[in-house]
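Below: the structure, in structure tokens.
Since every read-out is calculated from the coordinates, none of them should be taken as a lab result. None of the values given here were measured: they were computed from a predicted structure. A quick note on method: Cβ atoms are made from the backbone with ideal geometry, for glycine too, and the neighbour counts reach across all protein chains shown.
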Amino acid sequence: MTKTVDKTPRADHARGFDLVAARRVLARRDPALGRWMKRIGEIETRWQQRFDPVDSLARSILYQQLSGKAAATIHGRVLDRFGQRNRLTPSGLLDAPEAGLRECGVSFNKIAALKDLAAKAEQGVVPTLAAMRRLHHDEIVERLTEVRGIGRWTVEMMLIFWLGRPDILPIDDLGIRKGAQIVLGHDEMMKPKQLLEHGEVWAPYRTAASLYLWRIADFEKEKSGAEKTKRSQD
């Protein structure tokens, strides 16, 4: 019997995209956003830095529902005791005893999530970075959200900040919604479904729009804080 070989080429998604070109497209399609992008200027990315999916997801799990300082302390303890070459790996997490993780300050729920992450990585559910290059972002979301404690927002942050996928819009993120409200001049934030519909104007560079919407929301927050400080000093 002759074996049929599938010669259909697989997509190869390199990390990152041309933000300058994306800004030009967005400025033509959305002049209001374009004015804000010009005001804010260039945004630095970390798309070329070393990145490991399991290590990143384990860090996200450990940081959930904790202040930055407390989470960093616990993450540092786990990394020191159970990390391998300064990262958290499936084998290291699977071998880590529950008592040892508890001594590091990890809750029972997070231990279960870390163990599930490690097991699913060993099973191939969590793709390697090389495998992710061949996957559409929707498939990455579908597979990673099978892991206990990992939701869509967490995966979207990975897609934007580490993988640099060009067309991601986290419609449930409050910072994104606030930034869109400011750009559009609305009295209230749009509902996620409304933002999804409006976001079509930013395709195929919704990631670039997202990066600037966060900055816009932060800009207004800082401006408001400065004004309050000034009033208190007057």
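Odds and ends about this structure:
- Shape call, the stretch 40-108: gyration tensor on alpha carbons, a/c limit 1.5: oblate
- Length-normalised contact order for the stretch 53-161 - Cα pairs under 8 Å, 6+ apart - percent: 28 percent
- Between helix 206-233 and the chain: long-axis angle, C-alpha atoms, 0 to 90°, nearest 10: 60 degrees
- Check: the chain dipole with +1 on Lys, Arg Cβ and -1 on Asp, Glu Cβ, in debye: 460 debye
- When the Cα gyration tensor is reduced to axis lengths a ≥ b ≥ c, the ratio a/c is 1.5 or higher for the chain, and with a/b not above b/c it is classed as oblate.
- A helix-only calculation puts the chain at -18500 deg cm²/dmol for mean residue ellipticity at 222 nm, using -39500 (n - 2.57) for each DSSP H run of at least four residues, averaged over all residues.
- Most mobile of A203, A70, A121 in a GNM of the chain (Cα contacts under 10 Å): A70
- Working from label points 7 Å from Cα in the Cα-to-Cβ sense, the H198 to A119 distance is 4.3 nm.
- Once both labels are positioned 7 Å from their Cα atoms along Cα-to-Cβ, the gap between Q84 and K69 label points is 3.4 nm.
- With the gyration tensor restricted to C-alpha atoms of the stretch 99-209, the semi-axes of the equivalent ellipsoid amount to 32, 19, 10 Å, longest first.
- Length-normalised contact order of the chain in % [C-alpha pairs under 8 Å, at least 6 apart]: 24 percent
- For the cross-link pairs K120/K178; K38/K69; K69/K178, the ones whose C-alpha atoms lie over 32 Å apart are K120/K178; K38/K69.
- For the stretch 53-161, convex hull of alpha carbons as volume per residue, Å³: 96 Å³
- Counted by neighbouring Cβ atoms within 10 Å, the residues K115, K120, K38 run from fewest to most as K38, K115, K120.
- Across R59, R148, R81, mean-square fluctuation computed from a Gaussian network of the chain (C-alpha pairs under 10 Å connected) peaks at R81.
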